[in-house]
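Asks: Here it is, the structure in full.
Each reported figure results from applying straightforward, stated rules to the coordinates on display, with no laboratory input. Just so it is clear, the structure is predicted and the values come from calculations on it, not from any experiment. Glycine gets a Cβ as well: all are built from the backbone with ideal geometry, and neighbour counts include every protein chain shown.
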Amino acid sequence: MTTLIAFESSADETSVAIVKDGKTVLSNAVATQINSHQRFGGIVPEVASRHHLEWITKTLDIALDEAGIPVSEIDAVAVTYGPGLVGSLLVGLMGAKTFALAHDLPIVPVNHLAGHIAAANFNQPIEYPALALMVSGGHTELVLMEKQNSFEILGETYDDAAGESYDKVGRLMNLNYPAGKAIDELAAQGEVTIKFPQAMAHEAGYDFSFSGLKSAVINQVHNAEQREEEIDQKDLAASFQAAVIKALIDRTDRALSDFPVKSFVLAGGVAANSGLRAALGDLLQKFPETNFIPVPKQYTGDNAAMIGAAGYWNYEDGVFADLDLNTRPGLDF
Ligand code: KG4
Ligand code: ZN
């Protein structure tokens with residue numbers, strides 16, 4: 001039995017969790033700062049760092065308290081060292097190092113993206129080979145995993161990430177940041193009335209592009225304004241969401257056809273999207289050998305439990321870091 005304490009602070013959530021064997025969450029304290037960033041329409045790095053400083057020890061106390069185990073039962077300290085905002089990452093890293101030093105525990109460095117994927121193990125154990133669709137505010141990637149803790153990027157976005165396009169379109173629709181959830185809810189009540197073009201529809205490969213879609217939505221709204229026409233927000237949301245889902249489904253279908261896998265994982269903040277979950281569920285009917293494992297909704301957004309899950313992979317592989325571990329803001333797989 002291996003128990004990890006995990007620290008996550010890469011963007012606008014401060015989180016500390018305690019996870020057993022990479023799959024059982026004993027506690028997962030998450031402090032979100034979304035309210036502080038909303039009036040700016042996005043994360044303000046300086047504001048984020050200050051919030052992390054304020055919350056890191058509080059989330060640590062809550063995580064220890066809720067897990068109800070003595071510190072002596074903890075085997076290692078997992079921590080996100082990238083990708084993310086440097087000032088934000090530093091706070092979690094300092095917290096993790098201090099805890100490790102105080103309790104004489106090894107440090108396990110964790111890639112935030114691996115964390116998003118590993119959270120699927122809170123649903124069902126991932127079997128390999130596996131394919132993961134990682135869709136968040138900063139990343140949109142199709143990742144092939146031949147075995148546990150091995151990652152090959154098959155495709156990624158050329159420009160905006162899927163979540164980023166939700167947030168930018170949300171801004172245009174006067175919705176609060178981050179807008180993914182609100183657009184998802186509006187879309188469920190609307191009809192697809194506008195057919196937006198799909199970028200790279202005829203290109204081979206597994207890459208994505210979402211900036212053209214964003215521009216198409218902006219044009220649609222501006223044109224309507226000029227003609228003094230009302231665009232139904234629900235229909236606009238449904239039409240935009242249908243276009244995002246179509247692009248994601250199209251590339252996923254291609255990847256699953258080319259790489260038969262035992263598990264298909266849906267991960268990242270956008271994995272909470274109900275339309276996307278349903279559409280992928282339908283697509284997977286076509287691949288009966290592949291088990292669909294979406295990350296449970298409460299773990300799709302940034303949290304430390306997922307860092308504990310991916311940290312367990314590194315712990316098993318003997319991947320440890322010293323106290324001189326630094327942040328890697330631009331880290332990829
Ligand atoms: O993974 P995450 O919490 O943070 C990053 O590492 O980026 O992802 C945040 C992103 C935001 O862009 C947010 O708008 C989007 O996930 N998101 C959603 C939904 N819930 C969150 N996008 C679409 N539908 C949702 N239900
Ligand atoms: Zn994330």
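Asks: Output the direction-averaged projected area (hull surface divided by four) of the convex hull of the alpha-carbon atoms of region 230-333, in nm². Please report the intermediate quantities before stating the final value.
Replies: Values: hull surface 38.7 nm².
Average of the hull's projected areas for region 230-333 equals 9.7 nm².
Asks: Still on this structure, I have one more. Take the Cα gyration tensor of region 1-90, multiply each eigenvalue by 5, square-root it, and list the three semi-axes largest first, rounded to whole angstrom. Show your work: numbers first, answer last.
Replies: Working: eigenvalues 137, 32, 20 Å².
Each semi-axis is √(5λ); the values are 26, 13, 10 Å.
Asks: Further, regarding this structure: Among 51, 202, what is the fewest-to-most ranking by other Cβ atoms within 10 Å?
Replies: Numbers: 51 22, 202 5.
Least to most surrounded, the residues fall as 202, 51.
Asks: In degrees from 0 to 90, rounded to the nearest 10, what is the angle of the helix 305-317 Cα long axis to the longest principal axis of the chain?
Replies: Roughly 60 degrees, rounded to the nearest 10.
Asks: I need the calculated FRET efficiency for the pair residue 185 and residue 24, taking r as the beta carbon distance and R₀ as 41 Å, to the nearest 0.05. Provide the component values of the computation, followed by the final result.
Replies: Numbers: r = 31 Å, r/R0 = 0.76.
In this case the efficiency is close to 0.85.
Asks: Can I ask one more? Students often forget the sequence filter, so: which lysines lie under 19 Å Cα-Cα from residue 246 once same-chain residues fewer than 8 apart are removed?
Replies: The reachable lysines, counting only those whose Cα sits under 19 Å from residue 246, are 168, 181, 195, 214, 234, 286.
Asks: If R0 is 51 Å, what FRET efficiency do you get for residue 225 and residue 57 from their C-beta distance, rounded to 0.05?
Replies: On the way: r = 48 Å, r/R0 = 0.95.
Computed FRET efficiency for residue 225 and residue 57: 0.60.
Asks: Separate question: Less than 20 Å apart at the alpha-carbon level, and either on another chain or at least 8 residues along: which aspartates and glutamates does that give for residue 58?
Replies: Hits, sequence-local ones excluded: 8, 12, 13, 46, 66, 302.
Asks: Let me have the 222 nm mean residue ellipticity of the chain computed from DSSP H runs of 4+ only, each contributing -39500 (n - 2.57), with the sum over all residues rounded to the nearest 500. The partial results should precede the final answer.
Replies: On the way: 10 runs with 139 residues, N = 333.
Here the helix-only value at 222 nm equals -13500 deg cm²/dmol.
Asks: At 0.36 nm per residue, and after removing the present C-alpha to C-alpha distance, how many nm does the segment from residue 218 to residue 316 gain when stretched out fully?
Replies: Values: separation 98, 0.36 × 98 = 35.28 nm, distance 4.78 nm.
30.5 nm is the gain from fully extending residue 218 to residue 316.
Asks: How big is the Rg/Rh ratio for region 292-333, C-alpha atoms only, Rh by Kirkwood, two decimals?
Replies: Working: Rg = 13.0 Å, Rh = 12.6 Å.
Expressed as Rg/Rh, it is 1.03.
Asks: Once the Cα atoms of helix 162-172 and of the chain are each reduced to a long axis, what angle between those two axes, in degrees from 0 to 90 to the nearest 10, is obtained?
Replies: Tilt of helix 162-172: around 60 degrees.
Asks: Using a Förster distance of 45 angstrom, determine the FRET efficiency expected from the C-beta separation of residue 147 and residue 38, and round it to 0.05. Before the final figure, lay out each step's value.
Replies: Values: r = 41 Å, r/R0 = 0.92.
Result of the calculation: an efficiency of 0.65.
Asks: Give a quick list of chymotrypsin sites (Phe, Trp or Tyr not before Pro) in region 128-199 that DSSP marks as loop, anything other than H, G, I, E or B, with at most 10 other Cβ atoms within 10 Å.
Replies: none
Asks: Here's a follow-up. Could you tell me the ratio Rg/Rh of the chain? Both radii from Cα atoms, Rh via Kirkwood.
Replies: A ratio of 0.99.
Asks: Against the empirical 2.2 N^0.38 Å scaling, what ratio does the C-alpha Rg of region 128-294 come to?
Replies: On the way: Rg = 16.1 Å, N = 167, 2.2 N^0.38 = 15.4 Å.
In units of the 2.2 N^0.38 Å rule of thumb, it is 1.04.
Asks: For helix 233-258, what angle does its Cα long axis make with the longest principal axis of the chain, in degrees from 0 to 90 and rounded to 10?
Replies: Helix 233-258 and the main axis of the chain meet at about 70 degrees.
Asks: What aspartates and glutamates could a cross-link reach from residue 297, if we take a straight Cα to Cα line under 13 Å and drop same-chain neighbours fewer than 8 places away?
Replies: none
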